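Worksheet: one structure, shown below.
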Amino acid sequence: MRISRTIRPVLLALAIALAALGGQGTAQSITLDMPSWQATEPGTSDWWKALIADFEARNPGVAIEFTHEPFSGYNQKMVTRFAGGNPPDIFHMPAANFMVYAQEGWLAPLDERLAAADAPVLTEWSPVQPTCSYEGQTLCVVILGYGYVLGWNQAAFEEAGLSGPPTTSEELIEMAQALTVDKDGDGTIDQYGFVFPTVTHAGVETTAGSFIFEYGADAHWVDAEGNLQRDAIKYAWTQMRRMIDDGSVPLGLDNNGKRQFFIEGRAAMMLEGPWIQGFINSAAPEIQAGLQVAQTPFGGAVYGGASNVLAVPADIASERQELAWEFIQLFTTSEWQAAYATIAGQPPARKGVLDAAFLAANPNMEQFVQAAAVARDYLPPAYVTEYTRFRDLAVEATLSAVVQDQDYDRVLDQLQAELRRLR
């Protein structure tokens, strides 16, 4: 079933009205606990609350307590709850932390339920749904599968006489140099051609990973045995260093600074996930008009993966498990998948739920959907369970090679030694 963007206000109003009607004359006998770091996020929280209202309307006597937990301490708090035998009833988690819970046996297998329901997750879901598999079992369902896109400032391109966006990394590097300008002649760069984090931040790994994926069909940081793919990494570092040597990239910024430079018109291009739309929307009107989204200029696979997922805890009462599963089923329907785009502004995990009219009226969403469809999982195959530490090591190695101009082989030898100690 397809849904038009015009149904957004109808969905919201209907869900809330049904919830009110469903609660009249019925005592609430079960309250399901659902913590989330997204409970206060504009757009995304609106979608969650409308989905919850619809679920409650369909299940008289059942309420969902949707509470906010800060992202910074979310995983540690959830681990403590699971370890203490007090898990939430509906478990929303960052996909990067999935293995922590899977290895402990804290998540209920969903395969029988998925098969019995002939669930769309089996055939119509994001290509990164395998993130939810562990030892042959499906333990969660991907909410947001994404691929990175290129944000570019069309007005800056036109002012420089360039036809954009770039379609190869060579074009990216050449255009970044042409777009780096001192507009008022005071000796200070007013606009950089490209921007990525150049201080310790996860975004450093994202940028390097995007260039690594360009190197080849199977290129990644490491192979299945945990050995660094040195040629691919050297290629990525070289492309990044070229832009720094050209002066096309500002130094000393983290990811927040990167985004600020882009939306203020001080950088003409950046890589970002589909959440770039929120930053574009926050730009001043005169700058926002020129900010566009395109596919990344690397060809082949796109850096991406699963952002967050839903799961059913293994150690809750069977009645609560069944209700949690029913909530996941409702989330996977065409209506609520389409509403993820119209309300939350994010690409749906389910394929084919957005109609041509909506995509034509929302060209950036079409770019997000295209990127998600060809995304390659950013998680390194040999270090999925140690990803956080792996990422930290990859960030420091990249900064050493790209920003500090250290010898590639020496940096890679040190990185390989540190990775071996992880296993």
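Readers should treat all values here as calculations from the given coordinates under stated rules, not as data from a laboratory. As the structure is a computational prediction, the values presented were derived from the model and not from experiment. A quick note on method: Cβ atoms are made from the backbone with ideal geometry, for glycine too, and the neighbour counts reach across all protein chains shown.
Descriptive notes on the structure:
- Prolate/oblate/rounded call for the range 340-423, Cα gyration tensor, a/c under 1.5 rounded: prolate
- Cβ-defined net charge surrounding Thr180, 10 Å radius [Lys, Arg +1; Asp, Glu -1]: -3
- The range 160-189-the range 119-153 distance, computed between alpha-carbon centres (Å): 35 Å
- Potential extension, Asp245-Asp184 segment - 0.36 nm per residue separation minus Cα distance: 19.7 nm
- Per residue, the convex hull volume that the Cα atoms of the chain enclose (Å³): 142 Å³
- Based on Cα contacts under 8 Å between residues 6+ apart, the range 26-124 shows a relative contact order of 32 percent.
- P(r) weight above 20 Å for the range 114-199, C-alpha pairs, percent: 57 percent
- Gyration tensor over alpha-carbon atoms, the range 225-326, equivalent ellipsoid semi-axes in Å: 36, 24, 12
- Label-point separation, Glu286 to Asp223 (7 Å along Cα→Cβ), nm: 5.6 nm
- Burial ordering of Phe262, Phe66, fewest other beta-carbon atoms within 10 Å first: Phe66, Phe262
- Cβ crowding within 10 Å, taken as a proxy for footprinting-reagent exposure, orders Met365, Met175 from fewest neighbours to most as Met365, Met175.
- Relative contact order of the range 246-397, defined on C-alpha pairs under 8 angstrom at six or more residues apart (%): 23 percent
- Overall dimensions of the range 294-346, expressed as equivalent-ellipsoid semi-axes from the Cα gyration tensor (√(5λ), whole Å, largest first), are 32, 16, 7.
- Long-range amide H partners of Leu107 with built H, under 5 Å: Ala314
- Remark on the range 318-385: Rg and Dmax equal 15.4, 45 Å (Cα only).
- Look at the alpha carbon pairs under 8 Å that are at least 6 residues apart: their mean separation over the length of the chain gives a relative contact order of 25 percent.
- For the range 315-372 versus the range 226-276, the inter-centroid distance based on Cα atoms is 30 Å.
- Note on Asp254, Asp405: ascending count of other Cβ atoms within 10 Å places them as Asp405, Asp254, the fewest first.
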